[in-house]
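**Q** Questions regarding the structure given below will be posed in turn.
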Amino acid sequence: MNPRRARQPSDKPELARGFLGVFAYSRRALELVWTTSRPLSIALAVLTLLAGIFPAAIAYVGALIVDAVIAAIQAAPADHDALTSHALTLVVAEGLLVAALAGAQRGLSLCQSLLRAQLGQRVNAMILEKALTLDLAHFENSEFYDKLTRARREASSRPLSLVMRTFGLAQNGVSLLSYATLLIQFSGWAVLVLVLAGLPAFLAEAKFSGAAFRLFLWRSPETRMQLYLETLLAREDHVKEIKLFGLGPLFLQRYRDIFHKLYREDRDLTVRRDTWGFFLGLIGTAALYGAYAWIALSAIARAITLGQMTMYLMLFRQGQSAVSAILSAVGGMYEDNLYLSTLYDYLETPVEENAGTTVRGPQPDDGIRFEHVGFTYPGAETPTLVDVNLHIRPGQSMALVGENGSGKTTLIKLLTRLYQPTVGRILLDGQDLREWDETALRDRIGVIFQDFTRYQLLLGENIGAGDVQHFSDEARWREAGEKGMATAIVESLPAGYRTPLGKWFNEGRELSGGQWQKVALSRAFMRSRADILVLDEPTAAMDAAAEATIFEHFRALTRDRIAILISHRFSTVRMADQIVVLQDGRIAEHGSHDELMQLNGHYAHLFSLQAKGYR
Ligand code: ADP
């Protein structure tokens, strides 16, 4: 049975088109806010409610003021003073309400700023946390990489936006409800007109939001190319070539061309969106002035008081802006939801969960076995490895030889379980690699790839990276540095092991290719518990003599371990106990140097070619 089981992809609902789709992710965004900060969430909810109710209360008091003033003007002299002070009290009350409204709005924007920081950090951390659980295959898949870029680019600001719009919707909803309660005393029709007049503009908004999102999806590869060009033009490790080959203007032009193409599409959409928005918005204005006339006529006919007329007009005007705020919030929420769907799409990417639990194999002295191993990269048509059979015992060394693209690195990726064989199996200590516990397996293997990472950190940390548990352990750095022959480099640097490497940060020192490789080699020696050490051409930048010395040294230090080496230098390769010649993913020849020379095949041919070069 295969212990690696794919977790069932969660049945993420397709974002429903239409109105309900607007709320598909609101609940999750609210949850996100709630779990990020409860006090802020509660404050937001309370302030939203208050900010929703105050405007109607202000309009209501405003009407009372007008009526009180008119009553005072028309009152008998005896009642005059009492009515005047009543009107003034109402004015003070309205002033207080306005101040309270301003306070609530300030509070809302304060909470929003605080939440923005927390939520942005939280979502970014979620994205990175997920990235840690992904397989190498995910990162090598361009479609998936698109998803990751999209999620990172927008989604950290979108959840807050969605939440704020949801709250804004609630706030305007409360306002509208309170306006409607007052306005319905004038006429139910007025309420209906209020709501219907905003509808066309909303439908247009929703339609264009969808179009904007589709645009965003389509152009993801182009945006990624733009980011890549930016990196090429603005990063120290690329500058050398870009300058010398004069590639700068060409890449910059490509960068501009992409912008212009995207801009044209954006502009067309924005122009259409705003044109429609304007004309449909006119319907709302017409409705407002129709209602204005109607309310004015009612006041002239003395069906309502002057105070009521002021109030209804204010209610209608503010109601209309609440309706349009609601509608545009809904349009924006639609957009936020679409963007959030990409975030959750990414976060819910099914990862293969490794159920392996073995920490020790049944035959500890059996070493590594490849049994009829075949491998095809996901999406590739032809296999990269075919029927590979190997056996390396503890204490043995093996060299992999073959042309570029013959599958050497792929074989190492399978051995380190970065990928799983598609055919056959790999055994470590007599136990299928798939059944090994992830950590136990990784602890056993130390690998330095040819494209090892040059961390822009301290030199010591660059070595310490080989063993997280001793990442900052200076004594261990020294020990590994000595084994990796990096001591001379360390001594030449001002702060020794505490010298920052790379040019990204202040005071950083850049090393030569060969020096970096010695640092990387020392990194391999940090893994003192690892009994399988793999060097995938990390010594290519050194001269042949240095490489041979290093390998000899490496062998001496790894006597009882398994050492696997990839190299194009036969002076090094010949020292290995067994040599495997890969051709197009198959083992073409296999044996010791002497055996292969005797065989007089491909290896012997390549060996004498290189030897000739040295003569
Ligand atoms: P070598 O290390 O011998 O130079 P590799 O193992 O890197 O060769 O590559 C072997 C073959 O697999 C090449 O043809 C290469 O194009 C292909 N290959 C390598 N990596 C990938 C990948 N991530 N996805 C698809 N094909 C790949």
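**Q** Under 6 Å between Cβ atoms, which residue pairs at least 6 apart in sequence (or on different chains) link something in segment 408-423 that is farther than 22 Å from HIS590 by Cα with a partner that is within 12 Å of the ligand (Cβ to nearest atom)?
**A** Hits for this filter: LEU418/LEU136; TYR419/LYS413; THR422/PHE375; THR422/THR376.
**Q** Would you be able to say whether some residue in segment 427-436 is more than 21 Å from ARG574 (Cα to Cα), open to solvent by 30 Å² or more (accessible area, probe 1.4 Å) and within 16 Å of the ligand (Cβ to nearest atom)?
**A** Checking segment 427-436: not a single residue is more than 21 Å from ARG574 (Cα to Cα), open to solvent by 30 Å² or more (accessible area, probe 1.4 Å) and within 16 Å of the ligand (Cβ to nearest atom).
**Q** Okay, moving on. Regarding segment 561-583, can at least one residue be identified that is of a type in the set (S, T, N, Q) and closer than 24 Å to TYR455 by Cβ?
**A** no
**Q** Within segment 493-506, track down each residue that is open to solvent by 60 Å² or more (accessible area, probe 1.4 Å) and farther than 14 Å from LEU457 by Cβ.
**A** PRO494
**Q** What residue, of ARG219, ARG165, ARG122, is touching a residue at least 24 places away in the same chain (Cβ under 8 Å), among the basic types (Lys, Arg), more than 28 Å from ARG272 (Cβ to Cβ) and surrounded by 17 or more Cβ atoms within 10 Å (Cβ to Cβ)?
**A** It is ARG122.
**Q** Sticking with this one: What strands (runs of 3 or more DSSP E), lying completely within segment 326-392, carry at least 2 residues that are of a type in the set (Val, Ile, Thr) and surrounded by 15 or more Cβ atoms within 10 Å (Cβ to Cβ)?
**A** Qualifying strands (runs of 3 or more DSSP E): 368-375, 385-392.
**Q** If you don't mind, another one. Could you list all residues from segment 575-603 that are among the hydrophobic types (A, V, I, L, M, F, W, C), touching a helix residue (DSSP H, G or I) at 6+ places or on another chain (Cβ under 8 Å) and either within 16 Å of the ligand (Cβ to nearest atom) or touching a residue at least 24 places away in the same chain (Cβ under 8 Å) (or both)?
**A** Passing the criteria: MET575, ALA576, ILE579, VAL581, LEU582, ALA588.
**Q** If I go through segment 389-403 residue by residue, how many of them are more than 12 Å from the ligand (Cβ to nearest atom) and closer than 25 Å to ASP451 by Cβ?
**A** 5
**Q** Which numbered condition trips up TRP504, out of (1) in the same structural domain as ILE392 (by TED's automatic domain parsing); (2) away from the ligand (no atom under 16 Å from the Cβ)?
**A** (1) is the only condition that TRP504 fails.
**Q** Give the residues of segment 141-160 that are free of Cβ contacts under 8 Å to residues at least 60 places away in the same chain and under 20 Å from TYR419 (Cβ atoms), sorted by residue number.
**A** Selection gives GLU143 alone.
**Q** Can ILE579 be described as of a type in the set (Val, Ile, Thr) and touching a Gly at 6+ places or on another chain (Cβ under 7 Å)?
**A** Yes; evaluated as a whole, the condition is true for this residue.
**Q** Where in segment 507-615 are there helices (runs of 4 or more DSSP H), lying wholly inside it, with at least 2 residues that are in contact with a strand residue (DSSP E or B) (Cβ under 7 Å, 6 or more places away or on another chain), in the same structural domain as PHE370 (by TED's automatic domain parsing) and surrounded by fewer than 21 Cβ atoms within 10 Å (Cβ to Cβ)?
**A** 593-599
**Q** From the list ARG214, ARG256, ARG264, ARG272, exactly one residue is open to solvent by 60 Å² or more (accessible area, probe 1.4 Å), part of a helix (DSSP H, G or I) and farther than 30 Å from ALA204 by Cα. Which is it?
**A** Just a single option satisfies the conditions, and that option is ARG256.
**Q** Return the residue satisfying two criteria in turn: it lies in segment 404-425 and is out of contact with any Asp or Glu (no Cβ under 9 Å at 6 or more places or on another chain) and open to solvent by 40 Å² or more (accessible area, probe 1.4 Å), and of such residues it is farthest from the ligand (Cβ to nearest atom).
**A** Among those residues, the one meeting the criterion is THR422.
**Q** Assess whether ILE295 counts as being surrounded by fewer than 17 Cβ atoms within 10 Å (Cβ to Cβ) and not hydroxyl-bearing (Ser, Thr, Tyr).
**A** Details: surrounded by fewer than 17 Cβ atoms within 10 Å (Cβ to Cβ): no; not hydroxyl-bearing (Ser, Thr, Tyr): yes.
Taking the combined requirement at face value, the residue does not satisfy it.
**Q** Please go through (1) hydroxyl-bearing (Ser, Thr, Tyr); (2) more than 12 Å from the ligand (Cβ to nearest atom); (3) touching a helix residue (DSSP H, G or I) at 6+ places or on another chain (Cβ under 9 Å) for THR384 and return the number of the only condition it doesn't satisfy.
**A** It fails just one condition, (2).
**Q** Further question: Does VAL323 satisfy the condition of being in contact with a helix residue (DSSP H, G or I) (Cβ under 9 Å, 6 or more places away or on another chain) and part of a strand (DSSP E or B)? Give the steps one after another, and end with the answer.
**A** On the way: in contact with a helix residue (DSSP H, G or I) (Cβ under 9 Å, 6 or more places away or on another chain): yes; part of a strand (DSSP E or B): no.
No; evaluated as a whole, the condition is false for this residue.
**Q** Identify the residue in segment 562-574 that is touching an Asp or Glu at 6+ places or on another chain (Cβ under 7 Å) and farther than 20 Å from ALA486 by Cβ and, among all such residues, is farthest from the ligand (Cβ to nearest atom).
**A** For segment 562-574, the residue satisfying everything is ILE562.
**Q** Consider VAL46 carefully, then state whether it is modelled with pLDDT of 90 or more and assigned to a helix (DSSP H, G or I).
**A** Details: modelled with pLDDT of 90 or more: yes; assigned to a helix (DSSP H, G or I): yes.
Criteria met by VAL46.
**Q** While we're here: If a residue has to be small (Gly, Ala, Ser) and within 30 Å of PRO500 (Cα to Cα) to count, how many in segment 405-457 make the cut? Before you say what the answer is, go through the steps one by one.
**A** To start, the set of residues in segment 405-457 that are small (Gly, Ala, Ser) comprises 405-407, 424, 430, 440, 446.
So of that shortlist, the ones also within 30 Å of PRO500 (Cα to Cα) come out as 446.
Adding up the residues that qualify gives 1.
The values are calculated or read from the model by the stated rules, or taken from the named source; none is laboratory data. Predicted model only: the values in this text are computed from it and were never measured. We place every Cβ from the backbone using ideal geometry, glycine too, and count neighbours over all the protein chains shown. SASA here: full protein model, heavy atoms, side chains in, ligands and nucleic acids out. Shrake-Rupley method; radii C 1.70, N 1.55, O 1.52, S 1.80 Å.
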